[in-house]
1. Quick check: net charge around residue 64, other residues with Cβ under 10 Å of its Cβ, Lys/Arg +1 and Asp/Glu -1?
2. For region 75-138, which chymotrypsin sites (Phe, Trp or Tyr not before Pro) are in a loop by DSSP, counting at most 11 other Cβ atoms within 10 Å?
3. With label points built 7 Å along Cα→Cβ from the Cα atoms of residue 164 and residue 270, find their separation and express it in nm.
4. State to the nearest 20 debye the size of the charge dipole of region 125-277 about its Cα centre, where the only charges are +1 on K and R beta carbons and -1 on D and E beta carbons.
5. Suppose every K and R has +1 on its Cβ and every D and E has -1 on its Cβ; what is the size of the dipole of the chain about the Cα centre, in Debye to the nearest 20?
6. Plugging the Kirkwood radius over Cα pairs into Stokes-Einstein for region 13-300, at a temperature of 4 °C and a viscosity of 1.567 mPa s, what D comes out in µm²/s?
Amino acid sequence: MACPLCGMNSLPLFAGRERVAEELAMRERFFAERIDGHVDPAEMKDRTDVVHGVAAAIRSCPRCGILVRDDDGADFGGDPYAPYVMERILHAHIHAYRRKAHLYKSLLPGGARVVEIGSYVGAFLHVASEWGWDAIGVDVGEDTAHFAAAHGYPTRHASLQEAAFDSASFDAVFIWNTFEQLDAPRSVLREIRRVLRGDGLVVIRVPNALFYTRTSSSIVLGHTNLLAFPHRFGYTIDALDRLLREEGFEAVAHHGDMHIPPSHARLTATARREEDEVRAAIATRTDPNDWPWIECVYRATSAPR
């Protein structure tokens, strides 16, 4: 496995298969102990049922601080979702994106054309339309892309490269909870640079590798969706900034955030209080590096450096 930023091979071990297996078991117990009543297995999608839910070692690049999972065979295209589960996720995520209006709505004027990579069930496309933007999504997931399109959200079942948009056709590109799963992030960034107009914007949301490596509490990791780190790569703000800079973008802003939980797993009252306490403790932190998820805003420059 190689670092997606510097290309270093033979990365040293951060967490072995045994430790990751233990965290996966902890993840199962974590939700089993906190869900109120019986739930259908389909309702555990993106809780305990995750694509990177195997006991694979996690390595760390000593140069860049990026985490790299040894399992790279994730098939997001065939990842199945029950329709009723996607309905619940859609409503929960619409609410979550609406809460981000104070950070992002003013970045673009009404009528701005935007594309979301990994548009999932269409929640951001819904909110982007409320903000007055002309939004389209691309998603490699068959179930999710079909669901979003069926709900009237413009969605293409394809990768960004496969969609083959015209050059300089978008004012902004949003990548929520997807960039960390891309096997070839540089090639995607170059395609983004091609389809962006002038000094267009890119917004990227990823799990924070620093938070995972510095946090020992299983309760905190559980409520932030980081137990067993079910993600292809783990980036830091510094690593993302360097990667984007090398591909022709400059940093505009960095924000810290919590995990956006699906609504389909019903937490007990005690578990909800526990989660609220975790969120409240993290909310006091002023440095985005200290948050479990990071959202970074970039502006395209004249050319890659």
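1. Computed value for this residue: +1.
2. Sites meeting the loop and neighbour criteria: none at all.
3. The modelled label-to-label distance comes out at 5.8 nm.
4. For this selection, approximately 240 debye.
5. 720
6. Numbers: Rh = 19.4 Å.
The estimated diffusion coefficient comes to 67 µm²/s.
Where a number appears in this text, it was derived from the coordinates with a stated rule and is not lab data. On a predicted model such as this, the values are computed, not experimentally measured, just so you know. We place every Cβ from the backbone using ideal geometry, glycine too, and count neighbours over all the protein chains shown.
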